[in-house]
Every structure is written in structure tokens, then in C-alpha cells.
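Novice: Here it is, the structure in full.
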Amino acid sequence: MKKALLVILSISCLNANGQQEWTAEDSLKGEALITMIEQSLEAFYAENATEPGNYDSVIAALNFEAGEIPEYSDEVYCERLNVMNEMSPFHLDCNETTLSTIKFFVTKRRGFARVVLGRSELYFDMFEEKLAKYNLPIELKYLAVIESGLRPQVKSRAGALGLWQFMYRTGRLFGLTENSYIDERMDPELATEAACQYLKKLYDIYDDWNMALAAYNAGPGNVNKAIRRSGNKLTYWEVRPFLPRETQGYVPNFIAAAYLLTYHAEHNIIPAEAKIKFEVTDTMCLNKGVHFASIAELLEMELEDIELLNPIYKRSYIPKSVTGQCVRLPMDKIGKLVSLEDSLYKLEYARYVQGTEQTTGTQTTNTTTNTNASSYTYHKVRSGETLGTIASRYGTSVKDIQTLNGLSSTRIYVGQRLKVKASTSTTTTNHTPTNTTTKKYYTVRSGDTFGRIAQRYNMSVSQLQRLNPGINIHRLSIGQKIRVK
């Protein structure tokens, strides 16, 4: 495969150097070549993106049973930490506190480790690239694990946001901006760049990585107070009793996370399957404002997949800007989007501009006009869903979904992709415009909040609350119906 890839890339370079010219007749062949190169690259990345440590062979060699939780002595834990220490500038101390935290992680945080290992396929390569740029220890990638669980949209009670949990003011200090549509604290690359700058500055101050981590969590002011209260000690373990309670557990948590993600195979933890890997994604910058839903419809993608790769956008909308805002998608989808950019803007106009003009247009005389402003999207069936619940969510009917998807029965399965049409009707009669809008409902899923549902449908919380006057917005339950239109 590697040899074939080199041949393909060599051909590409030969053409780029002008040693072979393409004619108009060869345009289809050119498209075929591009497709072949893209597919070859994707296959190459897939073949070579092996998990460090080859966890399958480790688990097989140790002859673990499914669900078995291995137990090791303190000496084994310390020996493994010493191996990690030999390759790291961190002081991954093996002491009573560290050992108790590791034992908690390997027994009580196994599911968390599986999920994070899956998410790491999307972020760790990029983290390592940024850390290398600033000559920072590679182990700092585990800091985002204990900060956010590798979830860009997670927000703390104190207001810290993103993979690296920046507070608003600290984010601004390191160049992360926010407006009504974007929050760069949620942008994986920009936030990682800012985190590297901040961590480098903290290390320059304390000349000790454990102290730098403590300052990242508690702030330099609180660390300096703890240093004074300790009698001007300068190591984390000496200063630790005088730090805020949360920060006393911060470095042990970091060491435990680093240990568990390094030795997960030895603990019979198999990573969750990665939905998308960073190395098979690319970006394209747009010169007009576009909703995620338009991209999803044009490229036949799941809306959730676009949201996963583009957490910087707060309202599932890419605003127009002078420099052009960019969208990140899988490579094959970016290639398709480049070819269909004009079609994307036409679709966006038809969905969000033309439709508005039709429903707010001038009065008509002695006629009755039904205007169906139709739009299509794709829905991935989840556990517990039926055609009825899906139809209610999108304001359509079971029969319409069956017709669009060629279904002879109402039987569907988890993971199935369904094409769905959301339609609205506008009727105007005898100089009196009357808007008849089909009600639309959303079914609450795990992790949903009222604010997140409002953002998903480009509404404020108060607007969504007016549609749902009898609902407690602070206590939603899975399966609950929320009116969104």
C-alpha cells in the first residue's frame, strides 16, 4: 500500500512540475486521479493509524476475560511510573496519594478511559504537533483529559470552557475571542495553541511542571499564596497541603490519567471506536454565511458529525466574515464541497432567505396559494426511536418518511440513515395573510440542556420557553418532547 501511495504521489508531483500536460479531454481522468489519490491517502492513514502498544495483542497475551479488572501490586504501579519518568521531564511520583488515585481510576474510571481513548483519535495528533512546536512535554496532552474529557463544548460551573477549560478573561489574554456566533475557546486548534502559550509561561515562572499544572488549575495567585504559607517551599508535594482543595487532587489526577491511558491494555480497557480521526479531515473557508443544516443536506451528512468537528460555532451557523470562516469535515466531504460550493450557497438561499421572503411577502388578491417551503436533511436512527417520534421531531408524517426512503413498513433499525423532509405551509386568502405553521418537536436525549436545544434551533432560551410554558427548563428528562417550532 505504501509503495502504491508513493507511485501515486510521484505521478502527482510529475504533473505539478509541468512534465506532463492535461488536455480538456482528460478532465474526467483528472477527477478520477484526484479521487484515487484521496482514497489511497485515506486507506494509508487507516492502515497505519495503529494504537500505541498494540492493545489487542497485549490483552490476548495476558489472557483477560471480557470485563475482567486486573489487579497489580504497588510495586508494579511504581515500576511502570518509573518507566514513564525515564521518558518524561515530569515528576510522576509514586507515593501513597498517587497510588490511591491510580487505583481509583483503574477500577472506577474504566468507562471514562474507553471513551477518552476513542476521542483521542481526533485530538492527540494535533495536540502533539502543537506541543512540539513550543518544545513542551508530550505528556501535557493528558491535561485536556482531566480538564474536559476531550469534549470541546464542556463548560464548568465557574464558566471555564473548551478542551482546555479557559475562563473568558484568560482566553482573551491569549488571543481567544468570542461573539454571538463563535467562541474560540471551543476551537480545538486555537485553544490548544493558547494552552501551549499559557503552560510555557507558567513553567518559565515556576521551573517545575507539577507547580505549573497547579497554577494552571488554581491560578498563579493562589499558588504564590500557598508557597508563602508553606515557608517558601518550591515543590508541589511540599506546597500541596496549602493549595485549594481541588488543586490538591489535580496533579495526582493528572498522573493517574497519564498512567491509565498509557497502560490501558494492561488493565483490559479497549478504546471505544473512533468516529472520526483528525488526520483524515481537512478544512475549507467559506465567503458567505452558511448553516450546518445546509452542509448536511448537500453532502448527505449527519448534523451531529458537522457539530463534532466544528465546536467553535455556537449556533450551528458559520457567519460571513472578511477573512472567511472555515469548516472542518472528512477529506472526502471537503473534496465534494469544493466542487459544490456554488450549490451550497444556492441551497442556503433557498432554505433560509427565499423561504423567509415567501412567508413574509405581499398580500394576494382573491386567491388561495399554498407554498410548501421544503428542505431535506438526514437523520440517524437512535435507540428507542420510531418513525412516529422522528416524524414529530421534523414536523412531517410517517407516510412521507416511508415514501422518501422506499420503506414498505414502519420497521427501522438503530444506525439507519433516513432522508427527512421538514415542510411548512403558508396560506393567504382575500387580502388576509394567514400563516399556518406545522408544529415541530424535539425529543430530549442524554446530555441535552434547554440552552443547548435552543442553540440547535437558532433560538434564545426565552423564545424556546415561550413555546413550552409548562416545562421546567432546569429538569429535562430523556424522551421528553420539546416544541421547537
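Novice: In this structure, is G118 modelled with pLDDT under 95, surrounded by fewer than 21 Cβ atoms within 10 Å (Cβ to Cβ) and not in a helix (DSSP H, G or I)?
Specialist: no
Novice: Right, something else. Scanning segment 268-289 for residues that are more than 19 Å from the chain's Cα centre (by Cα) and not basic (K, R), which turns out farthest from R114 (Cα to Cα)?
Specialist: N287
Novice: I would also like to ask the following. Out of all the residues in segment 121-136, which are surrounded by fewer than 18 Cβ atoms within 10 Å (Cβ to Cβ) and either over 14 Å from the mean Cα position of the chain (by Cα) or among the basic types (K, R) (or both)?
Specialist: Start the filter on segment 121-136 by keeping residues that are surrounded by fewer than 18 Cβ atoms within 10 Å (Cβ to Cβ), which leaves 125-126, 128-129, 132-135.
If the condition is that a residue be surrounded by fewer than 18 Cβ atoms within 10 Å (Cβ to Cβ) and either over 14 Å from the mean Cα position of the chain (by Cα) or among the basic types (K, R) (or both), then D125, E128, E129, A132, K133, Y134, N135 are the ones that fit.
Novice: Those residues that are surrounded by fewer than 17 Cβ atoms within 10 Å (Cβ to Cβ) and within 14 Å of L213 (Cα to Cα), I need them from segment 233-247; list them, please.
Specialist: Within segment 233-247, L234, T235, W237, P244, E246 qualify.
Novice: How about segment 325-377: which of its residues are of a type in the set (D, E, K, R) and either at pLDDT below 55 or under 25 Å from the mean Cα position of the chain (by Cα) (or both)?
Specialist: R328, D332, K333, K336, E341, E348, E357
Here's the yes/no breakdown for (1) over 21 Å from Y317 (Cα atoms); (2) outside the structural domain of E304 (by TED's automatic domain parsing); (3) at pLDDT 80 or above:
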site: Y394; (1), (2), (3): no, yes, no
site: S423; (1), (2), (3): no, yes, no
site: T432; (1), (2), (3): yes, yes, no
site: Y441; (1), (2), (3): no, yes, yes
site: I453; (1), (2), (3): no, yes, yes
site: S460; (1), (2), (3): no, yes, no
site: Q463; (1), (2), (3): no, yes, no
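Novice: Is there any pair with a first residue in segment 137-165 that is among the basic types (K, R) and a second that is not in a loop (DSSP other than H, G, I, E, B) whose Cβ atoms are under 6 Å apart and which are 6 or more apart or on different chains, and what are they?
Specialist: That search, which allows pairs on different chains as well, returns K141/F124; K141/F127; K155/L161.
Novice: Residues to consider are A212, A218; find the one that is farther than 19 Å from L131 by Cβ, under 33 Å from the mean Cα position of the chain (by Cα) and either without any contact (Cβ under 8 Å) to a residue 24 or more places away in the chain or surrounded by 15 or more Cβ atoms within 10 Å (Cβ to Cβ) (or both).
Specialist: On the way: A212 fails: farther than 19 Å from L131 by Cβ.
Of A212, A218, the one residue that is farther than 19 Å from L131 by Cβ, under 33 Å from the mean Cα position of the chain (by Cα) and either without any contact (Cβ under 8 Å) to a residue 24 or more places away in the chain or surrounded by 15 or more Cβ atoms within 10 Å (Cβ to Cβ) (or both) is A218.
Novice: Suppose we filter I269, I306, I312 for residues that are of a type in the set (V, I, T), closer than 30 Å to Y457 by Cα and at pLDDT below 95; which single one remains? Give the derivation first.
Specialist: Values: I269 fails: closer than 30 Å to Y457 by Cα; I312 fails: at pLDDT below 95.
Exactly one of I269, I306, I312 is of a type in the set (V, I, T), closer than 30 Å to Y457 by Cα and at pLDDT below 95, namely I306.
Novice: Which one of these does I270 not meet: (1) under 30 Å from M87 (Cα atoms); (2) not in a loop (DSSP other than H, G, I, E, B)?
Specialist: Of (1) under 30 Å from M87 (Cα atoms); (2) not in a loop (DSSP other than H, G, I, E, B), only one is false for I270: (2).
Novice: Using the structure shown, decide if S321 is small (G, A, S) and part of a helix (DSSP H, G or I).
Specialist: Values: small (G, A, S): yes; part of a helix (DSSP H, G or I): no.
When the stated conditions are applied, S321 does not pass them.
Novice: Which count do you get for residues in segment 248-291 that are crowded, with 22+ Cβ neighbours inside 10 Å and touching an Asp or Glu at 6+ places or on another chain (Cβ under 7 Å)?
Specialist: Looking only at that region, the number is 2.
Novice: Sticking with this structure for a sec: All but one of (1) in contact (Cβ under 8 Å) with a residue 40 or more places away in the chain; (2) surrounded by 19 or more Cβ atoms within 10 Å (Cβ to Cβ); (3) not in a loop (DSSP other than H, G, I, E, B) hold for P311, so report the exception by its number.
Specialist: Against the list (1) in contact (Cβ under 8 Å) with a residue 40 or more places away in the chain; (2) surrounded by 19 or more Cβ atoms within 10 Å (Cβ to Cβ); (3) not in a loop (DSSP other than H, G, I, E, B), P311 comes up short only on (3).
Novice: Specify which of the listed residues (E189, E178, E139, E184) is assigned by TED's automatic domain parsing to the domain that holds S120, closer than 22 Å to D93 by Cα and under 23 Å from the mean Cα position of the chain (by Cα). Before you say what the answer is, go through the steps one by one.
Specialist: Working: E189 fails: closer than 22 Å to D93 by Cα; E178 fails: closer than 22 Å to D93 by Cα; E184 fails: closer than 22 Å to D93 by Cα.
When all the criteria are applied, what remains is E139.
The values are calculated or read from the model by the stated rules, or taken from the named source; none is laboratory data. Please read these numbers as outputs of a predicted model, since none were measured by experiment. We place every Cβ from the backbone using ideal geometry, glycine too, and count neighbours over all the protein chains shown.
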